[in-house]
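The values are calculated or read from the model by the stated rules, or taken from the named source; none is laboratory data. Since the model is a prediction, treat every value here as computed from it, not as a measurement. We place every Cβ from the backbone using ideal geometry, glycine too, and count neighbours over all the protein chains shown. We work out accessible area using only protein heavy atoms, side chains counted, and drop any ligands, DNA or RNA first. Shrake-Rupley method; radii C 1.70, N 1.55, O 1.52, S 1.80 Å.
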Amino acid sequence: MSDDDAIVTRRHYRYIAEHTRGDDPFLSELKQAAEAEGIPKIWISPAQASLMQVVLKLHRAKQVIEVGTLAGYSAICMARALPPGGLVRTIELNPKHADFAEQWIAKSDVADKVKVLRGAGADVLKSIKTGSADACFLDADKENYPRYLDECLRILPVGGLVMADNAFAFGQLFDEVPSESGVAAVRRFNDYMAARKNVHAVMVGIGDGCWVGVKEA
Ligand code: DHB
Ligand code: MG
């Protein structure tokens with residue numbers, strides 16, 4: 001089949017969701033509590049969580065860095081894909097979000113596998129030792145994605161796994177007059193990823209588009 005024949009509709013997305021593991025009661029409760037606290041409902045979809053878990057398992061990832069914790073949903077999902085002793089270090093700038101995530105991580109089945117690092121992504125990433133992670137997931141402010149990618153590529157070894165959320169720019173990738181301010185930044189980042197010689201990456205059409213890539217020499 002050529003790309004021109006591809007048809008992925010909303011119906012396919014629904015179908016994918018119906019044939020993929022959904023949230024367990026704990027994650028449903030976390031989302032309800034996050035909503036009640038006014039945290040924006042912009043977490044990844046359960047299908048995207050499964051995609052990332054499968055990729056992390058195949059990669060046998062042990063040490064993950066996430067930029068943008070929000071409510072802790074994706075950090076908990078990723079931690080569940082790690083072996084014993086694995087760790088997700090997740091970076092959050094917003095103290096309210098960091099507090100919420102820490103509370104829920106502490107109550108979760110992966111309390112010992114997730115650590116919240118408070119501060120701005122660029123600053124915290126700079127403090128992380130080269131070679132100390134084998135996977136990363138970008139899901140914070142879109143303007144700084146290129147900076148986050150550069151810093152993560154410093155930290156990751158060759159063969160390291162790179163993932164990034166919102167490649168489809170909140171569904172507004174092709175809008176001429178987007179309402180979301182981050183759309184232009186996402187387009188710039190997508191071009192930046194595509195042009196990088198040392199990352200072999202592809203956008204996967206799950207959720208709002210998820211970049212999955214491998215660092216090359
Ligand atoms: C926004 C950010 C995200 O990371 C996301 O997944 C969806 C929306 C936003 O800033 O609006
Ligand atoms: Mg996102």
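Hey, can you tell me all the residues within the range 184-209 that are in contact with a Lys or Arg (Cβ under 9 Å, 6 or more places away or on another chain) and either of a type in the set (D, E, K, R) or away from ligand 2 (no atom under 15 Å from the Cβ) (or both)? Working first, answer last.
Filtering the range 184-209 down to residues in contact with a Lys or Arg (Cβ under 9 Å, 6 or more places away or on another chain) leaves 184-186, 188-189, 198-200.
Passing the criteria: A184, R188, N198, V199, H200.
Could you please find all residues in the range 125-143 being in contact with a helix residue (DSSP H, G or I) (Cβ under 9 Å, 6 or more places away or on another chain) and surrounded by fewer than 20 Cβ atoms within 10 Å (Cβ to Cβ)?
K126, I128, K129, T130, G131, S132, D141, E143
Could you look through the range 104-147, keep only residues that are aliphatic (A, V, I, L, M) and in a strand (DSSP E or B), and pick out the one that is nearest to the chain's Cα centre (by Cα)?
Initial filter on the range 104-147 (aliphatic (A, V, I, L, M)): 105-106, 110-111, 114, 116-117, 120, 122, 124-125, 128, 133, 135, 138, 140.
From what's left, in a strand (DSSP E or B): 114, 116-117, 135, 138.
Values: V114: 14, V116: 15, L117: 16, A135: 11, L138: 5 Å.
Here the residue is L138.
Among F189, F174, F170, which is open to solvent by less than 10 Å² (accessible area, probe 1.4 Å) and over 16 Å from T69 (Cβ atoms)?
Sole residue among the options that is open to solvent by less than 10 Å² (accessible area, probe 1.4 Å) and over 16 Å from T69 (Cβ atoms): F189.
Only residues that are surrounded by 21 or more Cβ atoms within 10 Å (Cβ to Cβ) and among the charged types (D, E, K, R): list them for the range 28-76, please.
Hit for the range 28-76 is E66, nothing else.
If the Cβ limit is 9 Å and pairs must be 6+ apart or interchain, which residue in the range 138-167 that is within 16 Å of A49 (Cβ to Cβ) pairs with which residue that is in a loop (DSSP other than H, G, I, E, B) and away from ligand 2 (no atom under 16 Å from the Cβ)?
Pairs that qualify, where the first residue is within 16 Å of A49 (Cβ to Cβ) and the partner is in a loop (DSSP other than H, G, I, E, B) and away from ligand 2 (no atom under 16 Å from the Cβ), are L161/A61; L161/D134.
Every residue in the range 170-195 that is modelled with pLDDT under 95 and polar (S, T, N, Q), please.
Correct list: S179, S181.
Among the residues of the range 4-22, is there at least one that is surrounded by 13 or more Cβ atoms within 10 Å (Cβ to Cβ), of a type in the set (D, E, K, R), part of a helix (DSSP H, G or I) and on the phi < 0 side of the Ramachandran plot?
no
Where residues in the range 201-217 are within 26 Å of H12 (Cβ to Cβ) and more than 15 Å from ligand 1 (Cβ to nearest atom), which of them is most open to solvent (accessible area, probe 1.4 Å)?
So the residue we want is V202.
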